[in-house]
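> Structure in structure tokens, see below.
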Amino acid sequence: MATIADILTCIETFAPVSMKEPWDNVGLNCGHPGKEVSTILVSLDPSHEVCLEAKEVGAQLLLTHHSLIWKPGFITDATPWGRDVLFLIENGIACVNAHTNLDECPGGVNDELARILGLQNVSVIQPRGVDSNGQEWGLLHMGEVEPQSLEDFLPFVKSVLGTPVLRYADGGKPVHRVAVGGGACGTEFMDAVNAGCDTFVTAGTTSSRAILFDRDQHIVAVAQREFTQIYPKAGWVEHNPLEIYSSIYSVMMEAITQADVSPREIAAVGITNQRETTIVWDKTTGRPIYNAIVWQCRRTADICDDLNRRGLSDYIRDTTGLLPDAYFSATKIKWILDNVEGAREKAERGELLFGTVDSWLVWKLTDGKEHVTDYTNASRTMLYNIHDLCWDERLLRELDIPASMLPTVKNSSEVYGTCNIQGVAVPIAGIAGDQQAALFGQTCFEAGDAKNTYGTGCFLLMNTGDRAVTSRHGLVTTIAVGLDGKVQYALEGSIFVGGAVIQWLRDELHFIREARDAEYFATKVPDTGGVYLVPAFAGLGAPHWDMYARGALVGLTRGTRPEHIIRAAQESIAYQTFDLVDAMEKDVGFSLNSLRVDGGASRDRFLMQFQADVLGRSVHRPAIRETTALGAAYLAGLAVGLWKDTTQLKSLWKEDTVYDSQMDDATRDRLIRGWRKAVGRSLDWEEHE
């Protein structure tokens with residue numbers, strides 16, 4: 001396999017100086033004998049359609065150019081090209097693009113070479129130069145140009161992308177995972193490649209992130225990296241635990257490099273994680289015995305049905321605060337032990353360990369020295385007694401899970417161990433499940449404080465103080481935080497499909513090109529035209545808890561347009577949140593005055609206003625919307641004395657926007673009645689196994 005440097009040299013040698021030569025030949029020449037490249041994408045345009053397929057097969061090279069003239073600040077959503085670049089960034093795809101004139105290049109995509117680009121790091125470079133006639137050009141522009149120095153090139157990229165994205169490796173290390181657009185390469189770019197230049201920009205939606213905060217809550221650096229989504233069967237969702245760890249470690253290093261700080265300046269590491277996701281690994285080899293089974297996975301629904309038939313549902317609710325559901329970790333552990341060859345025997349010999357993602361990461365980051373979790377994550381396993389604060393022996397027996405597999409449960413804020421960051425031992429000092437971390441990051445420290453996180457799913461939590469409120473309306477009781485050996489509790493409602501319904505519009509229906517487009521199209525119609533979308537793609541969570549519900553699109557007429565369906569998808573997120581708030585208020589016996597919001601979809605102004613309207617409550621969005629990461633930072637900082645106490649943290653919280661309800665009661669009641677009818681159509685749809 002040729003190195004990228006070889007490939008670039010090959011392009012420089014064979015690519016035509018004239019723009020008249022078909023681009024097919026460029027791709028063919030790259031694959032000539034002695035310079036083999038297994039998969040190349042030759043395309044005139046990094047189009048959305050090409051991008052959509054880009055994850056399926058890895059290519060070593062993407063050859064592309066675009067007709068639009070480059071202008072400063074082009075990486076925005078203001079132009080079709082800018083949207084394509086953002087799409088590439090968000091999906092972890094590398095593309096270096098030349099600015100050329102499409103009309104002068106009659107070539108096309110070579111069908112035999114056209115494959116899909118699937119890269120783990122992102123490279124987007126569009127440097128700018130001026131030729132002797134004053135014409136702007138891209139550094140990879142084909143033809144006679146006046147070279148631009150590499151010294152000028154580096155700060156230019158930094159100014160466009162907002163972060164230093166280039167770094168040099170030792171000894172002319174070849175650059176892998178780079179895509180190059182245009183034909184003949186500019187001299188300065190070849191110099192950069194031969195010097196070992198590699199480029200990184202944040203990627204992806206389902207990913208690992210590292211965020212570096214300072215004492216004043218300023219975000220100093222952010223790094224992000226996607227990991228693979230695995231779907232072995234319908235309704236099954238998995239991740240590769242080793243890929244999760246490698247992505248975490250890489251983004252930690254990248255964030256430190258971006259910020260240009262010494263590891264000695266890092267006070268502590270905090271971890272927040274997707275909670276119920278289940279990993280089982282060999283404690284001697286450190287190798288997972290199976291992929292991580294993700295919280296969304298529904299494969300253990302039949303085990304939950306069996307628990308209900310055996311009369312355990314009340315015991316589970318009273319002991320763990322949860323309901324028997326495939327969502328939680330316990331049945332996932334049982335499935336692995338029952339279905340992976342030799343797993344049960346190894347577990348009974350004490351050779352296997354279980355952990356949610358936080359536990360796995362701490363174990364890996366401490367080189368296997370610490371097998372721990374915190375109260376919040378333990379409370380989501382369906383194995384933990386949230387009142388006595390211990391693993392429940394009866395549930396372990398009922399599910400045939402050896403206690404030796406389980407981690408030690410600790411506070412959400414304390415030093416668990418240290419991780420080696422470039423030779424420096426940095427304390428790992430905060431752990432919380434993602435939703436509890438967001439509750440803490442929103443400074444919801446008092447009973448009655450509530451927040452909703454709008455992510456792939458939506459999660460509404462209300463702090464109930466030292467009182468564990470048992471829900472009679474389909475919510476779960478969970479531990480909000482553990483500090484100094486004491487815990488606070490929360491009521492929680494989980495929506496399986498929140499922001500994911502917008503991804504569905506984009507990726508499956510192709511109604512929109514980017515998630516952010518949903519807000520634009522939703523405002524192009526005055527209402528949904530009577531259309532309701534119930535996104536029960538993986539069943540319904542709280543307050544219905546119907547594993548057999550499936551998605552429903554109702555109220556269609558001959559006049560229904562894509563904009564109506566897009567708006568109905570947006571509104572479905574707010575309606576599901578209304579259901580949670582309604583159930584929560586019935587459980588606690590009083591009404592919420594307001595709701596704090598965070599997560600990616602909280603940026604959507606249409607959604608936030610409709611949320612306030614349908615709730616009849618004000619919605620408060622914080623200035624710092626990375627509240628999950630901020631909560632983990634708060635917990636870690638408290639443990640090492642960076643902040644004094646929660647009172648100090650409360651004083652730091654700042655508000656960005658308040659959305660007040662503008663909908664009259666009659667309209668609200670009519671819309672909610674329609675929503676409840678639509679939900680009724682989706683319930684108990686799937687055949688029971």
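> Could you grab me the full set of residues in region 596-635 that are among the basic types (K, R) and in a helix (DSSP H, G or I)?
Those that are among the basic types (K, R) and in a helix (DSSP H, G or I): R603, R605.
> Tally the residues that are basic (K, R) and open to solvent by 40 Å² or more (accessible area, probe 1.4 Å), restricting the search to region 272-282.
Here the count works out to 0.
> Mind listing just one residue for me: the one in region 334-356 that is buried (at least 21 other Cβ atoms within 10 Å of the Cβ) and either of a type in the set (G, A, S) or at pLDDT below 95 (or both) and, of those, farthest from the chain's Cα centre (by Cα)?
The extreme case among them is A347.
> Here's another thing I want to ask about it. Quick check on my filter: what residues within region 606-643 are among the aromatic types (F, W, Y) and either out of contact with any helix residue (DSSP H, G or I) (no Cβ under 8 Å at 6 or more places or on another chain) or open to solvent by 20 Å² or more (accessible area, probe 1.4 Å) (or both)?
Within region 606-643, F606 is the sole residue that qualifies.
> Would a scan of region 596-604 turn up a residue that is of a type in the set (A, V, I, L, M, F, W, C), touching a strand residue (DSSP E or B) at 6+ places or on another chain (Cβ under 6 Å) and more than 16 Å from D434 (Cβ to Cβ)?
Checking region 596-604: not a single residue is of a type in the set (A, V, I, L, M, F, W, C), touching a strand residue (DSSP E or B) at 6+ places or on another chain (Cβ under 6 Å) and more than 16 Å from D434 (Cβ to Cβ).
> On to the next question. Would you check which residues across region 442-501 are touching a residue at least 40 places away in the same chain (Cβ under 8 Å), among the basic types (K, R) and open to solvent by 10 Å² or more (accessible area, probe 1.4 Å) and list them?
The answer is R472, and nothing else.
> How many residues are in contact with a strand residue (DSSP E or B) (Cβ under 8 Å, 6 or more places away or on another chain), modelled with pLDDT under 85 and not in a loop (DSSP other than H, G, I, E, B) when one looks only at region 190-215?
5
> Continuing with this model, one more query. Filter region 669-681 for residues that are touching a strand residue (DSSP E or B) at 6+ places or on another chain (Cβ under 7 Å) and within 21 Å of Q611 (Cβ to Cβ) and give the result.
Residues satisfying the conditions are G674, W675, A678, V679.
> Inside region 479-499, can you point out the residues that are in contact with a strand residue (DSSP E or B) (Cβ under 9 Å, 6 or more places away or on another chain) and farther than 19 Å from A438 by Cα? First the steps, then the outcome.
First, the residues of region 479-499 that are in contact with a strand residue (DSSP E or B) (Cβ under 9 Å, 6 or more places away or on another chain): 479-484, 487-499.
Of everything in region 479-499, just one residue is in contact with a strand residue (DSSP E or B) (Cβ under 9 Å, 6 or more places away or on another chain) and farther than 19 Å from A438 by Cα, namely D484.
> Now for a different question. At pLDDT below 90 and among the small types (G, A, S): which single residue out of A633, A623 fits that description?
None of the other options fit; the residue is A623.
> Name every residue in region 631-660 that is closer than 22 Å to A267 by Cβ and touching a strand residue (DSSP E or B) at 6+ places or on another chain (Cβ under 7 Å), in order of residue number.
G631, A632, A633, L635, A636, L638, A639, V640, W653, K654
> Open to solvent by less than 10 Å² (accessible area, probe 1.4 Å), of a type outside the set (A, V, I, L, M) and on the phi > 0 side of the Ramachandran plot, is that true of G539?
yes
> What number of residues within region 677-689 are open to solvent by 70 Å² or more (accessible area, probe 1.4 Å) and either in a helix (DSSP H, G or I) or out of contact with any helix residue (DSSP H, G or I) (no Cβ under 7 Å at 6 or more places or on another chain) (or both)?
7
> Can I ask one more? When region 664-676 is examined, which residues are found to be open to solvent by 90 Å² or more (accessible area, probe 1.4 Å) and either in contact with a helix residue (DSSP H, G or I) (Cβ under 6 Å, 6 or more places away or on another chain) or without any contact (Cβ under 8 Å) to a residue 12 or more places away in the chain (or both)?
Passing the criteria: R670, R673, R676.
> Scan region 323-333 and tell me whether some residue there is open to solvent by 10 Å² or more (accessible area, probe 1.4 Å), within 15 Å of L395 (Cα to Cα), hydroxyl-bearing (S, T, Y) and out of contact with any Pro (no Cβ under 9 Å at 6 or more places or on another chain).
no
> I need the full set of residues from region 286-308 which are within 17 Å of R394 (Cβ to Cβ) and either of a type in the set (S, T, N, Q) or open to solvent by 60 Å² or more (accessible area, probe 1.4 Å) (or both), in order please. Even if it seems obvious, please write down each step before you answer.
Of all residues in region 286-308, those within 17 Å of R394 (Cβ to Cβ) come to 303-304, 306-308.
Residue satisfying the conditions is N308 alone.
> Check region 644-660 and report whether any residue there is buried (at least 18 other Cβ atoms within 10 Å of the Cβ) and part of a helix (DSSP H, G or I).
yes
Yes or no, residue by residue, for (1) buried (at least 23 other Cβ atoms within 10 Å of the Cβ); (2) in a helix (DSSP H, G or I):
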residue	(1), (2)
Q217	no, no
I244	yes, yes
I256	no, yes
G270	yes, no
T284	no, no
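> Mind listing just one residue for me: the one in region 566-589 that is among the β-branched types (V, I, T) and over 20 Å from R673 (Cβ atoms) and, of those, farthest from the chain's Cα centre (by Cα)?
Going residue by residue through region 566-589, those that are among the β-branched types (V, I, T) are 566, 573, 577, 581, 588.
Now drop any that are not over 20 Å from R673 (Cβ atoms), which leaves 566, 588.
Numbers: I566: 22, V588: 32 Å.
Going through the qualifying residues, I end up with V588.
> If I filter region 566-587 down to residues being open to solvent by 20 Å² or more (accessible area, probe 1.4 Å) and farther than 17 Å from G457 by Cα, which single residue comes out as modelled with the highest pLDDT?
R567
> Also, quick follow-up: Does any residue in region 405-427 that is free of Cβ contacts under 8 Å to residues at least 24 places away in the same chain come within less than 6 Å, Cβ to Cβ, of a residue that is open to solvent by 30 Å² or more (accessible area, probe 1.4 Å) and in a strand (DSSP E or B) six or more places away or on a different chain, and which pairs are these?
Short answer, once both residue conditions are applied: A425/T418.
To keep it simple, each residue is scored yes or no on (1) farther than 29 Å from A490 by Cα; (2) hydroxyl-bearing (S, T, Y).
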position: A343; (1), (2): yes, no
position: K346; (1), (2): yes, no
position: L352; (1), (2): yes, no
position: T356; (1), (2): no, yes
position: K364; (1), (2): yes, no
position: T373; (1), (2): no, yes
position: L383; (1), (2): no, no
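> Yes or no: L592 open to solvent by less than 30 Å² (accessible area, probe 1.4 Å) and either modelled with pLDDT under 90 or not hydrophobic (A, V, I, L, M, F, W, C) (or both)?
The answer is yes for L592.
> Report the residue count in region 375-409 for those that are open to solvent by 10 Å² or more (accessible area, probe 1.4 Å) and assigned to a strand (DSSP E or B).
Summing the residues that are open to solvent by 10 Å² or more (accessible area, probe 1.4 Å) and assigned to a strand (DSSP E or B) in region 375-409 gives 5.
> Please tell me if L505 is in contact with a helix residue (DSSP H, G or I) (Cβ under 8 Å, 6 or more places away or on another chain) and within 17 Å of Q576 (Cα to Cα).
Considered against the rule, which asks whether it is in contact with a helix residue (DSSP H, G or I) (Cβ under 8 Å, 6 or more places away or on another chain) and within 17 Å of Q576 (Cα to Cα), L505 comes out as no.
For every residue, the table says whether it meets (1) surrounded by fewer than 24 Cβ atoms within 10 Å (Cβ to Cβ); (2) modelled with pLDDT of 90 or more.
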{"position": "S413", "(1), (2)": "no, yes"}
{"position": "G423", "(1), (2)": "yes, no"}
{"position": "P427", "(1), (2)": "yes, yes"}
{"position": "I431", "(1), (2)": "no, yes"}
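The values are calculated or read from the model by the stated rules, or taken from the named source; none is laboratory data. Only a predicted model underlies this, so the values are computations on that prediction, with no experimental measurement involved. Neighbour counts are summed over all protein chains in view; Cβ atoms, including those assigned to glycine, are modelled from backbone coordinates with ideal geometry. We work out accessible area using only protein heavy atoms, side chains counted, and drop any ligands, DNA or RNA first. Shrake-Rupley method; radii C 1.70, N 1.55, O 1.52, S 1.80 Å.
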